[in-house]
Amino acid sequence: MPKASDLKKGSVVELDGEVYIARQIDKRNPSARGAATLYKVRFFNVRNGQKLEQTLKGDDFVKDGDLTKRSVQFSYREGDIVTFMDTENYTQYALNVEVIEEQSCYMTDDLEGMIALLIDGQIVGVEIPQTVELEITDTAPGIKGASASARTKPATLSTGLEIQVPEYLESGERIKVNTANGKFVSRA
């Protein structure tokens with residue numbers, strides 16, 4: 001059983017007999033001496049989509065949700081439905097785009113390392129790798145002599161995501177992006 005301090009966005013837990021996915025976690029450090037770190041977590045019910053907000057102490061235990069993880073790859077998107085294919089037995093899983101709204105801006109056809117979260121054979125979420133490689137499609141021209149730690153400029157990536165990148169990068173270059181915070185990591 002993990003502690004509340006170990007929860008991450010996308011963690012699956014069981015609360016009051018229902019399975020929930022953690023969607024948003026706010027960490028609060030009280031200023032009083034000896035006070036415990038508090039985690040305000042917004043959960044979504046896997047079966048009916050209802051929200052549940054709970055405040056947990058860092059050393060509170062939460063029960064792991066009963067789920068199966070399968071390696072999948074992105075197949076196609078049709079309207080509001082995204083389809084994934086199991087890489088071992090080629091089973092197709094359809095998921096509403098609202099469930100993976102934050103993750104969809106990092107998904108490309110060639111993205112590897114995605115894990116489908118299944119409960120009773122039904123897909124309820126997707127875990128994506130910590131970093132992904134994306135191509136810069138639009139940004140201001142690179143500046144010669146710009147250092148790596150200098151200023152940044154906005155760039156649009158191949159999936160439509162907009163992030164801040166160092167000034168020396170140009171359109172057409174591939175970069176690594178952290179999927180947890182949406183920030184530039186390095187050139188690919």
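The values are calculated or read from the model by the stated rules, or taken from the named source; none is laboratory data. What you see is a predicted model, and the numbers here were worked out from it, not measured in a lab. With ideal geometry, Cβ positions are generated from the backbone for all residues, glycine too; neighbour counts draw on all protein chains shown.
Brief remarks on what is shown
- Of the residues in the stretch 1-21, at least one is closer than 28 Å to Val132 by Cβ, surrounded by 15 or more Cβ atoms within 10 Å (Cβ to Cβ) and without any contact (Cβ under 8 Å) to a residue 40 or more places away in the chain.
- Just one of (1) touching a strand residue (DSSP E or B) at 6+ places or on another chain (Cβ under 6 Å); (2) basic (Lys, Arg); (3) closer than 19 Å to Leu67 by Cβ fails for Arg47. It is (1).
- Boolean, Lys27 is at pLDDT 80 or above and touching a Ser or Thr at 6+ places or on another chain (Cβ under 7 Å): yes
- Filter pass, Thr108 being among the hydroxyl-bearing types (Ser, Thr, Tyr) and assigned to a strand (DSSP E or B): no
- Residue in the stretch 148-156 that is loosely packed, with under 11 Cβ neighbours inside 10 Å and modelled with pLDDT of 80 or more present: yes
- Scanning the stretch 102-114 for residues that are crowded, with 19+ Cβ neighbours inside 10 Å and among the aliphatic types (A, V, I, L, M), we see that the one that is modelled with the lowest pLDDT is Met107.
- One residue alone among Ala155, Ala180 is among the small types (Gly, Ala, Ser) and either assigned to a strand (DSSP E or B) or in contact with a His (Cβ under 7 Å, 6 or more places away or on another chain) (or both), and that residue is Ala155.
- Residues considered: Lys8, Lys40. Of these, the only one that is farther than 15 Å from Ile119 by Cβ, under 16 Å from the mean Cα position of the chain (by Cα) and of a type in the set (D, E, K, R) is Lys8.
- Within the option set Leu169, Leu117, being hydrophobic (A, V, I, L, M, F, W, C) and either outside any strand (DSSP E or B) or at pLDDT 90 or above (or both) holds for one residue only, Leu169.
- The stretch 79-101, residues that are in contact with a Ser or Thr (Cβ under 9 Å, 6 or more places away or on another chain), surrounded by 12 or more Cβ atoms within 10 Å (Cβ to Cβ) and assigned to a loop (DSSP other than H, G, I, E, B): Thr87, Val97
- Any hit, the stretch 57-73, residues being surrounded by fewer than 16 Cβ atoms within 10 Å (Cβ to Cβ) and either on the phi > 0 side of the Ramachandran plot or within 17 Å of the chain's Cα centre (by Cα) (or both): yes
- Here is the figure for the stretch 121-139: residues that are assigned to a loop (DSSP other than H, G, I, E, B) and surrounded by fewer than 13 Cβ atoms within 10 Å (Cβ to Cβ) total 2.
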